[in-house]
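The values are calculated or read from the model by the stated rules, or taken from the named source; none is laboratory data. Not measured: the values here are computed from a predicted model. Positions of Cβ are generated from backbone atoms using ideal geometry, with glycine treated the same way; all protein chains shown enter the neighbour counts. Only protein heavy atoms, including side chains, enter the accessible area calculation; ligands, DNA and RNA are left aside. Shrake-Rupley method; radii C 1.70, N 1.55, O 1.52, S 1.80 Å.
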Amino acid sequence: MKLRITVLEGDGIGPEVTREAVSVLTASAGHYGYDFRFDHRSIGGAAIREHGSSLPPATLTACLESDAVLLGAVGGPEFDALPAGQRPESGLLALRRALGGYANLRPAVCYPAIADCSPLRREVVEGADVLVVRELLGGLYFSEPRGFNDQRTAAFNTMRYTAEEVERVARVAFGLARTRRRKLTSVDKANVLETSQLWREVVTRVARDFNDVTLEHIYVDACALRLMLRPTSFDVILTENLFGDILSDEAAALSGSLGMLASATIGGQVALYEPVHGSAPDIAGQNTANPLGAIATAALLLRYTARNEKAARDLETAIGDVLAAGFRTRDLCHGGHRFTPKSFLVSTKEMGAHVRRALADVIDQQHTYHAV
Ligand code: NAD
């Protein structure tokens, strides 16, 4: 199967972590029968330097003509003084808009080997595996009217949702719940907001087409607390734009490091895959960044674009095996107490190589990966 993937490495640690993700995909392509065609293009600060624009037309065209877009991160201190519309981040926002994805998927998984990296207690986070599905194109961030009054003494935003906007993202979330533990928690504030009352009505209606998925409704404030107290009680969390923005960051605490987190944005013309972290200028170019978020992002690409659940799971198993074998990038070693005698500090490139080897072992059905 041929898959055209536009690779946008971006800035800072973006190139370092994306290269490891691409090399993992390349290494396993033959086994799963893929012919990946990687088309490397520039975005963000790198594109500003080369082409004077954070999203050059050739980059956008390549993205729109591909099967998936794999992005690293954009941004850096040298661009901070530019007006907002000319900064590297504006290119990424324009790309997201052009691709049109309305369902943002943010898995938060606690790998047992690094459960102690979470600020939460091991017994609370161990076994947590939550998928936050955030509506991305509606709600408070986009609805009109918005603005300031003439004296700039007051400001206002509008939260608006149509039944159609709620239904399409709800169908995505129910479909995903079906491939997981068949539980969907819909988050709203229906005791106060009309948009949430509509949200609840539509989600309840859509649920009738997914009788095999258990639906619960919860208010956003209660959800925020339960995520910290009993994260293992969640499977798929479905919510609107603003609530999803906040809850997905909160759920990230389950994973132990920003460098572990992956995301996918689907529903539009072309799906966009990107790790959650930014360009981390403080560690860029040092070969110390954690590439596992970018590699887990490649697993999402295998799941949602290649529609190969086996390949995605194998890669996620390989990530877990490498962590279980004790390999840690620096972000997973903060505070000497977490760095046990059985842990090994590795670079970005070494971590990528370990995942490739662990994946080869998983493919060979030897599910244990040991330090050599
Ligand atoms: P950041 O995510 O880049 O970094 C926050 C902290 O986490 C830093 O200490 C960094 O070293 C660490 N970190 C992040 N990813 C890591 C990894 N893979 N391995 C190890 N450590 C990691 O966020 P920031 O510092 O707020 O932003 C830096 C730049 O990135 C800014 O220009 C910002 O606008 C941009 N940014 C881009 C994106 C994106 O491209 N999607 C997202 C967030 C921030």
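If a paramagnetic tag sat 7 Å from the Cα of Arg182 along the Cα-Cβ line, which residues of the range 290-310 would have the backbone N under 13 Å from that point? Once the point is set 7 Å along Cα→Cβ of Arg182, nothing inside the range 290-310 turns out to lie under 13 Å by backbone N. When the chain is treated as a GNM with alpha-carbon contacts under 10 Å, the residue of Lys342, Lys183, Lys310 showing the greatest mean-square fluctuation is Lys342. Return the percentage of antiparallel bridges among DSSP beta bridges fully within the chain, rounded to the nearest 5 %. Around 35 percent of the beta bridges assigned by DSSP in the chain are antiparallel ones. Restriction of the trypsin sites (Lys or Arg not before Pro) in the range 2-96 to DSSP coil positions whose beta-carbon has at most 14 other beta-carbons within 10 angstrom yields no sites. Once you reduce the range 1-57 and the range 99-134 to the center of their Cα atoms, the two points are 25 Å from each other.
3J(HN,Hα) couplings calculated from phi for the range 11-18 with the Karplus curve 6.51 cos²θ - 1.76 cosθ + 1.60 (θ = phi - 60°) are, in sequence order, 10, x, 7, x, x, 4, 7, 5 Hz; Gly and Pro show x. Site pair Gln86 and Glu350 shows an inter-label distance of 4.3 nm when each label is modelled 7 Å from Cα along Cα→Cβ. Averaged over its residues, the chain has an accessible area of 44 Å² per residue, based on protein heavy atoms and a 1.4 Å probe. Starting from the Cα of Lys2, draw a straight line to each of the lysines and keep only those under 22 Å, dropping any in the same chain fewer than 8 residues away. By straight Cα distance, Lys2 reaches Lys310. The share of accessible area on the chain that comes from carbon and sulfur is 53 percent, using a 1.4 angstrom probe.
Near Phe344, the amide H atoms lying under 5 Å from its own belong to Phe327, Arg328; only residues 5 or more places off or on other chains count, and H is placed 1.01 Å from N. Which lysines does Lys183 reach when only Cα atoms under 16 Å apart count, and residues fewer than 8 places away in its own chain are ignored? Answer for Lys183, where 16 Å is the Cα cut-off: none of the lysines qualify.
Please tell me the relative contact order of the range 119-255 in percent, rounded to the nearest whole number, where contacts are Cα pairs under 8 Å and at least six residues apart.
It comes to 40 percent, rounded to a whole number.
In this structure the amide hydrogen of Asn308, modeled in the peptide plane, comes within under 5 Å of the amide hydrogens of Arg303, none closer than 5 places in sequence on its chain.
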